[in-house]
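Below is one structure, written out as structure tokens, with a few remarks after it.
FYI, it's all coordinate maths here, none of it is from the lab. None of the values given here were measured: they were computed from a predicted structure. No Cβ is skipped: glycine too gets one built from the backbone with ideal geometry, and neighbour counts run over all protein chains shown.
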């Protein structure tokens, strides 16, 4: 089955086994994830994607993996008992599709690949109107502390723990996004850098150095933000004062609810990262 998306094609293999959700439900799920990616990057990252959906256990969307083979391949499991809400609320497929839009890195730079997907996924879904703005900041406030350096940390390139790889990488992306916007009077952001990397051919089927990717990204914003942050954080632990960052952005988690302060210094930056619908 072939689904056209913004001039690209997604070739889908559906599970042989019967699922609770229908084939039409699965197709809508794929279109929704692809739509969020197209909205963030301006186009779908690759011309042809092979997507293999297999039946999994339980009632959730399971593990997904993205490969460069065949020009781009994603495998993802959908629980046999998954209901339609599991598809509507899923983040896994969007996360995997974002991997298509960044070049393959050396093993010690895996953190930037996962960090970008972890950071961009909720932002792209919110920009597409699929989740509320508050959901993005709730996820960041709750989870980004997992990316802070622990005792014995030796910087991003030398600390391949789960927390540093996924949430540390996402924290790097958020810091970069904020700094780019501060330096450009909020005219540019990380989204511009990532679009430029994609537009220069930086997709999953290409092997790039992290230095090349960051140089291309910085050229798009006319800053040295990505390169300078990387030099600072690649081989030594640099803790981030996330509490101060949330205060500057004007966002707080109070009694389980996200509260915004539009009078905060960087509230316009927060609004630019995740525009209201």
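Relative contact order of segment 107-273, please, whole-number percent, based on alpha carbon pairs below 8 angstrom and at least 6 residues apart.
Working: 216 pairs, mean separation 39.7, N = 167.
With pairs under 8 Å counted, the relative contact order is 24 percent.
Could you list 146, 154 so that the one with the fewest beta carbons within 10 Å of its beta carbon is first and the one with the most is last? Don't jump to the answer; show the numbers that get you there.
On the way: 146 16, 154 13.
With the sparsest Cβ surroundings first, the list reads 154, 146.
Rounded, prolate or oblate: pick one for segment 57-105, where a ≥ b ≥ c are the square roots of the eigenvalues of its C-alpha gyration tensor, a/c under 1.5 means rounded, and failing that, prolate if a/b is larger than b/c, else oblate.
prolate
Please build a GNM for the chain, connecting alpha carbons under 10 Å apart, and tell me which residue among 75, 225, 20 fluctuates the most.
Of the options given, 20 has the highest mean-square fluctuation.
Could you tell me the center-to-center distance, by alpha carbons, between segment 175-225 and segment 65-94 in angstrom?
27
Compute the helix-to-body angle for 210-221: its Cα long axis versus the longest principal axis of the chain, expressed 0 to 90° and rounded to tens.
70
Got a sec? How would 175, 116 order by Cβ neighbour count within 10 Å, fewest to most? Don't jump to the answer; show the numbers that get you there.
Numbers: 175 19, 116 23.
Ranking 175, 116 by Cβ neighbours within 10 Å, fewest first, gives 175, 116.
Can you put 177, 224, 85, 16 in order, fewest other beta carbons within 10 Å first?
On the way: 177 24, 224 15, 85 10, 16 7.
Lowest count first: 16, 85, 224, 177.
How far is helix 133-143 tilted off the main Cα axis of the chain, in degrees rounded to 10, range 0 to 90?
So the helix axis and the longest Cα principal axis differ by about 70 degrees.
How big is D, in µm² s⁻¹, for segment 1-96 by Stokes-Einstein at 37 °C and 0.692 mPa s if Rh is the Kirkwood radius over C-alpha pairs? Intermediate values should be presented prior to the final figure.
On the way: Rh = 13.3 Å.
In µm²/s, the coefficient rounds to 247.
Return an integer: the convex hull volume of the alpha-carbon atoms of the chain, in Å³ per residue. Each step should come with its number before you reach the end.
Numbers: hull volume 36.1 nm³, N = 277.
Output value, Cα hull per residue: 130 Å³.
Pop out the Kirkwood hydrodynamic radius of segment 120-258 from its pairwise C-alpha distances, inverse of mean 1/r, in Å to one decimal.
Working: mean 1/r = 0.0625 Å⁻¹.
About 16.0 Å, per the Kirkwood formula over Cα pairs.
When the Kirkwood hydrodynamic radius is evaluated over all pairs of different C-alpha atoms of segment 204-277, what value in angstrom, to one decimal, is obtained?
Working: mean 1/r = 0.0663 Å⁻¹.
One decimal place: 15.1 Å for the Kirkwood radius.
If you line up the long axis of helix 190-199 against the longest principal axis of the chain, both from Cα atoms, how many degrees apart are they, to the nearest 10?
Here the helix axis deviates by roughly 50 degrees.
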